[in-house]
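In what follows, a single structure is set out as structure tokens and then discussed.
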Amino acid sequence: MILEASNLGWSVRRLRIVQGVDLAVREGETFGLVGPNGSGKSTLLRLLAGILKPTTGKVAVEGQPLSGLPRRLAAQKIAYLEQQADTGEAITVRDAVELGRTPWLTPLQPWSDEDDRIVAGALADADLHGFESRFWATLSGGEKQRVHLARALAQRPRILLLDEPTNHLDVRHQLSMLDLVAALPVTSIIALHDLNQALACDRVGVMAGGRLVALGPPQEVLSVDRIAEVFGVRASIVVDPADGARIFRLDHLR
Amino acid sequence: MAATVFAGTCIGETPIPLSIVVQTLANKVLGAAYPLDPIDMGIIWNYRLPRALVAASCGAGLALSGLVLQSLLRNALADPYLLGISAGASTGAVTVTIAGIGGGAVSMSLGAFAGAVTAFLLVALLARAAGGGVSTRGTGQIILAGIAGSQLFNALTSFIITKSANAEQARGIMFWLLGNLSGVRWPDVTLAVPIALTGLIACVWHARALDAFAFGADSAASLGIPVRRVQVVLIGLTALVTAVMVSIVGSIGFVGLVIPHAARFVVGVRHGRLVPATALTGAAFLIAADVLSRTMIPGQVLPIGVITALVGAPAFALILLRGRRRP
């Protein structure tokens, strides 16, 4: 197991945001995390990234406890894409992506051609060719999101934690982002809102009220009953006659 | 850099030809033996050169402090003056002076450091209690808390002066508080230069960490920066640098706020280049301000804080207006 959480919990002022999460993510899998607003998805990702210190339980990366790992080594293994990270600094797209190399550099181990190559690759993967010298403030929401993805890719992590990465993206870039993440030789955990996108994951975890209430292959976990219970909507499954793909159709639960 | 220090040494109220300045330096540094007027030599070696060196260290140190605070707190308005660090340092230094603990620059610096750290801790605690905090997204509170802290410590300083100092002491302290390089001698140089260099080296060492704060503390953490440690080390150093500079030359506003912005317009936002540029600009700016303060009104020395504000404010306005035209 590349990433394991046991009895993971986090509370603020006695309010339990996440509690009792047991999770083991396999190497190379694409793991979807779904759940309504405020169900604790983002907090769980921040705990798994080691940015928040858990109040209960622990996280282990490749068998080692994350809390004992220096930040730099942790960042060489795990990249985390925040939901909204903005800056007032006049930085360019290339500057922002180059930040991804930070965990691999020290004052004694400066920037090299290899780093240039990795940054160029990350820019290309995120479809940012021609954007390199654009200033951050001139980018649209979706473009900013792609820059954040490129920065996470430039970090060359083994584990990619993405918090609603398809937010703000147009349809084409939503699909290409998910395809890209699925094709990468890394383990990824993605918080998603679109249940149809979740169907494409290897496994899905469902969060509700700070707990992980279901875990397994998407076809099993995302049942009509569970969707009604967790999200309060009525789902029906439609099959595309062309290729047999399953699609959710969602309605208000009356 | 060397040229600026040299220029600061050459220009002064008593006109001294350039050749004599060079010969003095040659005599002192290289052991040459040019026959010179001992008064000229004294002015150059004991008065102007240390003054220029301290001005350079002070300018570089204050500008770097401003840069560090702006980057770590992600607030363009952050600087040691506005966050109450200078005010706290003044209170500390004044307390030590009046209470007469120890003597000389070192004990005053220690007092100033204690004051600076106390002030910053108070401001940070207040900001956190108000929901802002040092590391979180809401950074407006830290500025508000800083203003409150500045007022509190300035009031404390005034209170201590009025309560305890005699008239002569009070006048001296008030003049010193506005910033004054007149009393600077070699012992001050041996304190200011190493502290400024320490600050510079620490900032160069942490340049990538400072870059990583561009998207906030969480993002810095996910890029492998030990956020808490970097904040404590760099902000502690900022307090130390500010405290030492305040104890030597009094509290000089504006440098910490304006110089980093000016440097950003020239070399961009990456700290690898921004840190040296800020240090150089700060040093050159304060030497120039000191030269102006000595020569603007013949026979009288203006407090340097007056010059930095008088020259700095319009310069900053110009930079802002020119920056708007850029994409």
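Within a 10 angstrom radius of the beta carbon, how do A:Leu175, B:Leu318 rank from fewest other beta carbons to most?
Neighbour counts put them in this order, fewest first: B:Leu318, A:Leu175.
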Inset, instruction - Give me the angle, in degrees from 0 to 90, between the Cα long axis of helix B:167-177 and the longest principal axis of the Cα atoms of chain B, rounded to the nearest 10. - result: 70
Legend entry - Neighbour-count order for A:Leu128, B:Leu223, A:Leu215, fewest beta carbons within 10 angstrom listed first: A:Leu215, A:Leu128, B:Leu223
Legend entry - Shielding score for A:128-136, defined as the mean number of other chain Cβ atoms within 10 Å: 1
Inset, instruction - Work out the length of the dipole vector of chain B about its Cα centre, built from +1 on the beta-carbon of each Lys and Arg and -1 on the beta-carbon of each Asp and Glu, and round it to the nearest 20 debye. - result: 940
Legend entry - Efficiency of FRET from Cβ geometry, A:Val171 and A:Gln64, R₀ 51 Å, rounded to 0.05: 0.80
Inset, instruction - Hey, can you grab everything whose amide H is under 5 Å from the amide H of A:Leu3? Only 5+ residues off in sequence or another chain; H modelled, so Pro and N-termini drop out. - result: A:Val25, A:Glu62
Inset, instruction - Give a residue-ordered list of calculated ³J(HN,Hα) values for the range A:134-147 (Karplus: 6.51 cos²θ - 1.76 cosθ + 1.60, θ = phi - 60°; whole Hz; x for Gly, Pro). - result: 6, 7, 3, 5, 8, 8, 7, x, x, 5, 4, 4, 5, 5
Inset, instruction - Enter the mean number of other protein chain beta carbons within 10 Å of the beta carbon of each residue in A:86-92, as an integer. - result: 6
Inset, instruction - May I ask you to list the aspartates and glutamates whose Cα is less than 15 Å away from that of A:Lys144, ignoring any residue fewer than eight positions away on the same chain? - result: A:Glu82, A:Asp86, A:Glu89, A:Asp95, A:Glu98, A:Asp125, A:Asp127, A:Glu132, A:Asp163, A:Glu164, A:Asp170
Legend entry - On Cα atoms only, tilt of A:171-183 relative to the major axis of chain A in degrees: 80
Inset, instruction - Partner chain Cβ atoms within 10 Å, averaged over the residues of B:264-272 - can you pull that number for me? - result: 3
Inset, instruction - May I ask for the net charge around A:Thr30, where only other residues with Cβ less than 12 Å from the Cβ of A:Thr30 are counted and Lys, Arg are +1 while Asp, Glu are -1? - result: -2
Inset, instruction - May I ask you to evaluate 6.51 cos²θ - 1.76 cosθ + 1.60, the Karplus curve with θ = phi - 60°, for each residue of the range A:53-68 and list the ³J(HN,Hα) values in order in whole Hz, giving x for glycine and proline? - result: 8, x, 7, 10, x, 8, 10, 10, 10, 6, x, 9, x, 5, 5, x
Inset, instruction - Quickly rank B:68-79, B:172-183 as a protection proxy: mean count of other C-beta atoms within 10 Å, highest first. - result: B:68-79, B:172-183
Legend entry - Whole-Hz ³J(HN,Hα) from phi, Karplus 6.51 cos²θ - 1.76 cosθ + 1.60, for the range A:185-200, glycine and proline x: x, 10, 8, 10, 10, 10, 7, 10, 9, 7, 5, 5, 5, 5, 4, 7
Inset, instruction - Compare the Cα positions of B:Ala78, B:Ala313, B:Ile173 along the charge dipole of the range B:2-321 (+1 at Cβ of Lys, Arg; -1 at Cβ of Asp, Glu; about the Cα centre) and return the one farthest towards the positive end. - result: B:Ala78
Legend entry - Net charge over other residues, Cβ less than 15 angstrom from the Cβ of B:Thr308 (K, R count +1; D, E count -1): -1
Inset, instruction - Round to the nearest 10 and give me the degree value, 0 to 90, for the angle of helix B:255-267's Cα axis relative to the longest principal axis of chain B. - result: 80
Legend entry - Theoretical FRET efficiency, 1/(1+(r/R0)^6), r = Cβ-Cβ of B:Ala99 and A:Thr55, R0 51 Å, to 0.05: 0.65
Inset, instruction - Could I have the simple spin-label model distance between A:Gln219 and B:Val29, label points 7 Å from Cα toward Cβ, reported in nm to one decimal? - result: 8.1
Inset, instruction - Report the net charge of residues surrounding B:Leu67, where surrounding means a beta-carbon distance below 15 angstrom and charges are Lys +1, Arg +1, Asp -1, Glu -1. - result: +2
Legend entry - Neighbour-count order for A:Thr92, B:Thr162, fewest beta carbons within 10 angstrom listed first: B:Thr162, A:Thr92
Inset, instruction - Give me the percent of DSSP beta bridges within the protein assembly as shown that run antiparallel, rounded to the nearest 5. - result: 60
Legend entry - Qualifying lysines (Cα of each under 22 Å from Cα of A:Lys58; at least 8 residues distant if same chain): A:Lys41, A:Lys77
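Only the coordinates and a few stated rules stand behind these numbers; no lab work does. Worth saying up front: this structure is predicted, and the values here are computed from it rather than measured. Neighbour counts run over all protein chains shown; Cβ positions are idealised from the backbone, glycine included.
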